[in-house]
Amino acid sequence: MKKRCIIIGSGLGGLSCGVLLAKNGYDVTVLEQNARIGGCLQCFTRCGTKFETGMHFIGSCDEGQVLHRLLRYLEVMDDLSLDRLDPAGYDVISLQGSQFRFANGREAFIEELAAQFPPERDRLASYFDLVSQIAASSTLHALQGGSTDSFLHTEYQLRSINEVLEQLIADPLLRNVLVGNLPLYAAELEHTPFAMHAFIFDFYNRSAFRIGGGSDTIADSLAGTLQRYGGRIVTRQKAERIHCDDVQARSVETQTGEHYDADLVISSVHPRRTLEMLSTKLIRPAFRNRIHAMRNTAAGFSVYLRFRENTVPYMNSNFYGYRSTTPWGCENYTDATWPKGYLYMHMSPEPGLQYARSGVLISYMSIDELAPWFGTAIGHRGEDYEAFKYQKAQQLLNVVEQDFPGLRQQLDAFYTSTPLTYQDYTGTEGGSLYGIARSVQAGAGGHVSHKTRIPNLLLTGQNINSHGILGVLIGTLITCSELLGAQVIHRQIEQANQ
């Protein structure tokens, strides 16, 4: 008889765990609180125009690269249409009007930045090589079966980004350029490990793509694969209680009163949400207190742009704009200084687009600004909330137009979302962009294990291992290795990519 696995949440972590376990003989049911699956893979449509909410671009997806291999294993690759970002500048960093480009590949990356920082050429090479070594030092991130440099991996988990860059790079402006894409992981000065920076840089520098038609293509593909292997997805079923006996979890109860018996429960939601479902003594107070004390990354405010037809040339780069010469500290602001920075991207309905149809602006925002609307429901927050969002959108557009003059005149309409929106749709604490923040100051206490004191309750998702498509999928491998064994999964990945 198949073991019954109940997975809470249909984001990337929940769906990928579901596919992997269903492929290996488990009876999988995924419970999703919303009407649509996907978590941060979700898209929405307004007036015939589609917008992405979270997964805006991906990396390392050329043949043989790590994400390509994982998506091939999960049977997603054949359903994707990829639109390559500009290899000569997939990321553009603008610091007080001066622009710098990240090019794909070691030599191109070094040459591009060395042209603007000639004395730093050798140090750029040292930086690039160290990043590559760190990325290769993780067996899982590199999908290697052999041994790796675990000492190197550990060392740079315990050293902050700014500490390492101060040692590697002499020019302070170049140090700021190299962290210009820090909104991808909400890095914080003195806190974020250099290893996280290295993994993310390496991931996108190998190759970078937008997903033609939107990120929900990945969710739909995973759902289709899960169902082909006999799994089920039940929407509008918010998990409310994980029932346990004296030994283990026995069932999951939803808000509608439905009960799902379980031999195994995997929660892909924020650990705080998981703890709210548990009243068992198997979870110790010390663990609850530790999870509640953990810091979360900054939250975000998004403006979704619908362009007038044939007016905005498609931009196949991601643009990071800052009002000062540093990207650090944008999460700390006043009414007068917000926004200190922003990320601007276009969406790719299909490869080879000449003119963009939609784009998104993202800037940090504290959920504390939304205090007047705590406890309100989506669509029922009142005129004051709409006025607040409109005023913030105008502030953000004012800053963006310094880099892109006339953008307002090119808009047909715009839509907004706040940290409350993220919190309601994803369950993440405080609407945080990436869940629990990684910090060198927290040490081992800043890590959430995939295992719990309940032997058949496991965790997955962006709070386990790391966020982003690669971080979450590596977290899936970690969680499922507990059940299947790492060697079995590694062998299956190799077979799927032969």
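Couple of notes before you dig in:
- Some residue of segment 477-493 being touching a strand residue (DSSP E or B) at 6+ places or on another chain (Cβ under 9 Å), hydroxyl-bearing (Ser, Thr, Tyr) and either buried (at least 23 other Cβ atoms within 10 Å of the Cβ) or assigned to a loop (DSSP other than H, G, I, E, B) (or both): yes
- Subset tally (residues that are part of a strand (DSSP E or B) and surrounded by 21 or more Cβ atoms within 10 Å (Cβ to Cβ)) for segment 444-468: 3
- Residues considered: Leu420, Leu433, Leu397, Leu411. Of these, the only one that is touching a residue at least 40 places away in the same chain (Cβ under 8 Å), more than 30 Å from Arg290 (Cβ to Cβ), surrounded by 18 or more Cβ atoms within 10 Å (Cβ to Cβ) and of a type outside the set (S, T, N, Q) is Leu397.
- Candidate set: segment 349-377, residues that are in contact with a Leu (Cβ under 9 Å, 6 or more places away or on another chain) and small (Gly, Ala, Ser); chosen: the one surrounded by the fewest Cβ atoms within 10 Å (Cβ to Cβ): Ala356
- Looking across segment 259-301 at every residue that is polar (S, T, N, Q) and more than 12 Å from Ile6 (Cβ to Cβ), the one that is nearest to the chain's Cα centre (by Cα) is identified as Thr297.
- Any pair with Cβ under 6 angstrom, 6 or more apart, that starts in segment 228-252 at a residue that is within 17 Å of Arg4 (Cα to Cα) and ends at one that is loosely packed, with under 14 Cβ neighbours inside 10 Å and of a type outside the set (A, V, I, L, M, F, W, C): Gln248/Pro455; Ser251/His259; Ser251/Asp261
- Restricting attention to segment 27-59, the residues being among the polar types (S, T, N, Q), surrounded by fewer than 23 Cβ atoms within 10 Å (Cβ to Cβ) and either in a loop (DSSP other than H, G, I, E, B) or without any contact (Cβ under 8 Å) to a residue 40 or more places away in the chain (or both) number 4.
- Residue in segment 251-270 that is in contact with a helix residue (DSSP H, G or I) (Cβ under 7 Å, 6 or more places away or on another chain), assigned to a loop (DSSP other than H, G, I, E, B) and surrounded by 19 or more Cβ atoms within 10 Å (Cβ to Cβ) present: yes
- Only a single criterion out of (1) touching a residue at least 40 places away in the same chain (Cβ under 8 Å); (2) out of contact with any helix residue (DSSP H, G or I) (no Cβ under 6 Å at 6 or more places or on another chain) is not satisfied by Ile378, namely (2).
- Residue list for segment 171-218, filter: among the small types (Gly, Ala, Ser) and within 14 Å of the chain's Cα centre (by Cα): Ala186, Ala187, Ser215
- Among residues of segment 58-101, those that are in contact with a strand residue (DSSP E or B) (Cβ under 9 Å, 6 or more places away or on another chain), closer than 28 Å to Asp403 by Cβ and of a type in the set (S, T, N, Q), counted: 3
Bear in mind that the values in this text are calculations on the coordinates, not laboratory data. Being a predicted model, the structure only gives us computed values, none of them experimental. Cβ: placed from backbone, ideal geometry, glycine included. Neighbour counts: every protein chain shown.
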